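Here's the structure, in structure tokens; my notes come after.
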Amino acid sequence: MTSFDLQARQPFNFNSVINSHGWIQLAPFRADVSGRMLFYTDRLTNGRLVEYRVTETRGGVHVEVPGRLGKAEKAEVIQKITWMLGLDMDFTSFYKAARGEPKLRHARRLAHGRVLRSPSFFEDVVKTILTTNTLWASTIRMNQNLIEAFGASADDGKGQAFPTPEELASTSAAVLRKKVRVGYRAPSIHELARRVAKGKLDLESYKTSTLPTLELRNELLKIRGIGPYAAANLLMILGRPDFIPIDTYAMKMVSHEWHGGRPVTAKQVERAFRKWGEHKGLAFWFWDWKYDGG
DNA sequence: GGTAGACCTGGACGC
DNA sequence: GCGTCCAGGTCTACC
């Protein structure tokens, strides 16, 4: 067993990160019954399969990885967990902007701002495509099917990793459609995997891109299957909360918040949060909605 | 720039 | 068990 602590930039709240959106329900993520421990099965760059077990500790997180990690492996795990939990992210300007807004009063106290992310951006792009034009239960199922069909399994039979671009590129869109049941999304996922596997698209570089957010958004929109909603979701994951992922949930929330439950358009959602500028996505995401969605 | 219709899947419902 | 309807974003063609 290898274990170590990682410090987070303050304020930090482990619970707020892992419950920031539905990603915790998408394998290889899982949480224990108490919700206090986060598990994730990952494949390191040297091909070794490992399971991360992460809990909150004073000032950050405690990480356990069964088995002994080499120096390079440990460095990779540290880098990945830092990314996944956004340990070094700073939301000072958002908290400053949110000060005085009753609907965001809780933001700093609960350390809202970080969203749970997969270790690779490729995985998050695929998962985001799986959220489009479907119900959440189907997203969970398609993601699970994808992992069961193509993800590498640990020797002890516990846990499977998310498939690599190479693994998905080596199959066909027809198999993805039939076996994984991703429907018309199959060509989008297959084409993406092929481009990444062939080195024609470097998705991981988007994590550290210096492109202005608008240009980065345009790059994301060039990916087949990524439209305005998906691009905004991915920008949130990249720490660029300038856009709102406007889906039917967003329109329902805004409808009940300001329009008496009457149907609203995407433009009205946009207008409702316009004043939050580069923090629009965060203000929307962590807004204290009066409608509970029921 | 805006809009209509097609794209898939699985669950709910009526028969 | 079968058929129909519905929910959910993106893409393309068209105006």
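Bear in mind these aren't lab numbers, they're just calculated from the coordinates by the rules spelled out. The shown structure was predicted, so the numbers you read here are calculated from the model rather than taken from an experiment. All Cβ positions, even for glycine, are placed from backbone atoms using ideal geometry, and neighbour counts span all protein chains on display.
Annotations
- Pairwise alpha-carbon distances in the range A:121-237 exceed 21 Å for 36% of all pairs.
- Loop-located trypsin sites (Lys or Arg not before Pro) in the range A:1-104 (DSSP state other than H, G, I, E, B) with a sparse environment of at most 12 neighbouring Cβ atoms within 10 Å: A:ARG58, A:ARG68, A:ARG99.
- Where N is the number of residues in chain A, Cα Rg divided by 2.2 N^0.38 Å: 1.00
- The translational diffusion coefficient of the range A:232-294, from Stokes-Einstein at 4 °C and 1.567 mPa s with a Kirkwood hydrodynamic radius over alpha carbon pairs, comes to 111 µm²/s.
- Candidate lysines for bridging to A:LYS222, where Cα separation is under 30 Å - those fewer than 8 sequence places away on the same chain excluded: A:LYS80, A:LYS127, A:LYS178, A:LYS179, A:LYS198, A:LYS200, A:LYS207, A:LYS252, A:LYS267, A:LYS275, A:LYS280
- Estimated purely from DSSP H runs of n ≥ 4, each contributing -39500 (n - 2.57), the mean residue ellipticity at 222 nm for chain A is -12000 deg cm²/dmol once divided by its residues.
- 12 Å beta-carbon shell around A:SER172, net charge (K/R +1, D/E -1): +3
- For the range A:91-105 and the range A:191-243, distance of Cα centres in Å: 27
- Rg [Å, one decimal], Dmax [Å, integer] - the range A:59-203, C-alpha atoms: 18.6, 53
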